[in-house]
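Below: the structure, in structure tokens.
The values are calculated or read from the model by the stated rules, or taken from the named source; none is laboratory data. What you see is a predicted model, and the numbers here were worked out from it, not measured in a lab. Every residue, glycine among them, receives a Cβ derived from its backbone with ideal geometry; neighbour counts consider all protein chains shown. SASA here: full protein model, heavy atoms, side chains in, ligands and nucleic acids out. Shrake-Rupley method; radii C 1.70, N 1.55, O 1.52, S 1.80 Å.
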Amino acid sequence: MSSRSFELIFDWVGHFGRFQAFVYFASAFQTISCGIHYLASVFMAVTPKFSCGVLGNISQVLLYNSSSLKIEDAWALFTTGKEDYMVVQLQNGDVWELAQCSRSKREDPYFEYQYDGNKSVFPCTDGYFYDHTKWKSTVVTEWDLVCHQEWFAKSIQPTFMLGVLLGAVIFGDLSDRFGRRFVMWFTSTGQFFLGVAVAFTFDYYSFIAIRFLLAMVASGYLVVAFVYVTEFIGTKVRTWASMHMHAFFAIGVMIVALMGYLVRTWWLYQIFLSMTTLPFVLCCWALPETPFWLLSEGRYEEAQKLINMMAKWNGTSPCNISEMLSVEQGGGIGTNAGNVASEMKSHNILHLFYNWKISRRTLTVWLIWFTGSLGYYVFSLSSVNLGGNEFLNLFLIGAVELPAYAFACIGMDRVGRRNTLTPFLIASALICAMIMLIPQHCSVLNVLANMAGKFAIGVAFGLIYLYTAELYPTFIRSLAVGSGSMMCRVGSVIAPFCVYLTSVWIFMPQLLVGIMAFLTGMLTLMLPETLGKPLTNTWEEAEEREGKKGISLVKLPPTVNNMDSENTEMIHQGAAGAHE
């Protein structure tokens, strides 16, 4: 039974009735947990102020011209510069100079800040002192991931994103083999147990290993959830429903900010965040398999029972699958669908470079996917370094996504895909330039500018899924969206390293994102507009659009409209790579 024929069933049972609303919001709720785990390391791996440690009881601390009896009182004046140090006097009379990654013992017990006498330099073999004023415990303080081990801390987010990439590939394939519901059960349960297990890891390597597995199941759920909900929702609301799955991911980011503010011990913070998954784990068994997958496996009786249940919940009349099957077999629809499927399997990624025009289109689309993901995570991860209240900063950076996705839906239906994408890519580049001009002490302006940048990149990031599906002919469309999604994941892996470049120059992340966004925005001008135009089936049709810059205002019949079954099926395939 072809997907186009099955779409007619929604005209009988309803496109978004009570049944679909239950399935949608239950599945979308678990997407919150994905957003939580993707950004949890923002506060879990914070590096507080620290200095080299020393054995013995400290009787007095001296920092610049200020002295105190406790080292906790000195952190307010201590800065993270490599030349800064504090002088401590032990109860046995020894005087030490403690810098971040080294310590010196004065040969003369001279307790003044400036000292020109002889001293012996020692490595930090006795651990470190940490400022626990704000963070009682982080993974950095737990395993001393500073100085020569600093790169261990910086590897936490990139290795998680590598797990995201691998999980999307593995569980996307498993969902086609064993069903959407099974994979959703498995990945949801995995998120809960692995999320809690992270809090009980005994060393850095077990922490990274379990976080990697957690990334795989979180990514797997995100991929399958998009497919799952769109196979239950009719074409009339599928674009909006698919787009706003991202909004629940953004709510997860906001919860990370709230929990970071309330809980300052990393393992408790991780446990509380993981509890978000528990309600879904307890009720996900009630979710049915999708009718699309049941029909693709030839399980027609189960599909018929499910359709009858959908109709009952929605208060509509069910349709008979056997009658639709007989009509399809007689009309040859199934044969045509099989030909399309076999044609799709005969193509590989090289066909995205059919000629120089299509090659230019493919490279531009890949850049959009990459830039959208890079900008999304750079703005999110760097929000805690903007000054002011870092918890409020991350909360606002997450909250601004909600109107961004709504605006993307409105913009691409009113003025077009390209005509919305291009100005917002260029706007994000201009905002990056503006951020570099704002003084560092103006924390409010910095936060507002970053929110504007996240909004702009969010609009561009939100609509590229549908736009990619419309730019390519049917037989290569799925491959085009899948390859773009892979470029998106590459961007998410690179983003943490981009943020770390602040050690080279404070504005290096904004510079890189700005350059990429401006370049991509200008290249997007060469893409054809697809609003109001039918999907293409051949390369010739796809190439004919290259020179057409106007927007068609003529309404097309449902069979060739942008919202037909082929188009919307590609929407959810593209959306599966949203935050990966």
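Observations, loosely collected:
- Residue satisfying all of: in the range 50-85; modelled with pLDDT under 90, aliphatic (A, V, I, L, M) and touching a Ser or Thr at 6+ places or on another chain (Cβ under 7 Å); least open to solvent (accessible area, probe 1.4 Å) among these: ALA74
- Boolean, PHE16 is in a loop (DSSP other than H, G, I, E, B) and either touching a helix residue (DSSP H, G or I) at 6+ places or on another chain (Cβ under 9 Å) or among the basic types (Lys, Arg) (or both): yes
- Number of residues in the range 511-548 that are open to solvent by less than 70 Å² (accessible area, probe 1.4 Å), at pLDDT below 80 and not in a loop (DSSP other than H, G, I, E, B) equals 6.
- Only residues that are within 30 Å of PHE10 (Cα to Cα) and outside any helix (DSSP H, G or I) were counted across the range 235-280, and they come to 4.
- All positions within the range 246-295 that are closer than 15 Å to ALA199 by Cβ and surrounded by fewer than 20 Cβ atoms within 10 Å (Cβ to Cβ): VAL263, ARG264, THR265, TRP267, LEU268, ILE271, PHE272, MET275, LEU278
- Among residues of the range 199-229, those that are aromatic (Phe, Trp, Tyr) and not in a helix (DSSP H, G or I), counted: 2
Each row is one residue, and each column tells you yes or no for (1) within 20 Å of the chain's Cα centre (by Cα); (2) over 20 Å from TYR221 (Cβ atoms); (3) of a type outside the set (Asp, Glu).
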{"position": "VAL237", "(1), (2), (3)": "no, yes, yes"}
{"position": "TRP240", "(1), (2), (3)": "yes, yes, yes"}
{"position": "HIS244", "(1), (2), (3)": "yes, no, yes"}
{"position": "VAL253", "(1), (2), (3)": "yes, no, yes"}
{"position": "LEU262", "(1), (2), (3)": "no, yes, yes"}
{"position": "PHE280", "(1), (2), (3)": "no, no, yes"}
{"position": "PRO291", "(1), (2), (3)": "no, yes, yes"}
{"position": "ARG299", "(1), (2), (3)": "no, yes, yes"}
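- Cross-chain or 6+ apart pairs with Cβ under 7 Å, the range 165-183 first and modelled with pLDDT under 85, then among the small types (Gly, Ala, Ser) and not in a loop (DSSP other than H, G, I, E, B): ALA168/SER219; ALA168/GLY220
- Considering residues of the range 479-510 that are out of contact with any Asp or Glu (no Cβ under 8 Å at 6 or more places or on another chain) and modelled with pLDDT under 85 only, the residue most open to solvent (accessible area, probe 1.4 Å): SER503
- Picking from residues in the range 417-448 that are surrounded by fewer than 22 Cβ atoms within 10 Å (Cβ to Cβ) and small (Gly, Ala, Ser), the one that is farthest from THR530 (Cα to Cα) is SER443.
- Failed condition for THR47, given (1) among the hydroxyl-bearing types (Ser, Thr, Tyr); (2) closer than 18 Å to GLU142 by Cα; (3) open to solvent by less than 20 Å² (accessible area, probe 1.4 Å): (3)
- In the range 152-188, of all residues being β-branched (Val, Ile, Thr) and open to solvent by less than 50 Å² (accessible area, probe 1.4 Å), the one that is farthest from LEU295 (Cα to Cα) corresponds to ILE156.
- Selection within the range 445-478: residues that are among the polar types (S, T, N, Q) and modelled with pLDDT of 85 or more. The member of this set that is nearest to the chain's Cα centre (by Cα) is ASN450.
- Test: PHE232 is under 28 Å from ALA311 (Cβ atoms) and either basic (Lys, Arg) or not in a helix (DSSP H, G or I) (or both): yes
- Breaking point among (1) open to solvent by 20 Å² or more (accessible area, probe 1.4 Å); (2) among the aromatic types (Phe, Trp, Tyr); (3) within 30 Å of PRO291 (Cβ to Cβ), for TYR24: (1)
- Listed by position, the helices (runs of 4 or more DSSP H) contained in the range 282-373 that have at least 3 residues being at pLDDT 80 or above and closer than 29 Å to THR189 by Cα are 291-296, 300-314.
- Residue satisfying condition, being free of Cβ contacts under 8 Å to residues at least 12 places away in the same chain and of a type outside the set (A, V, I, L, M, F, W, C), within set THR189, THR230, THR201: THR201
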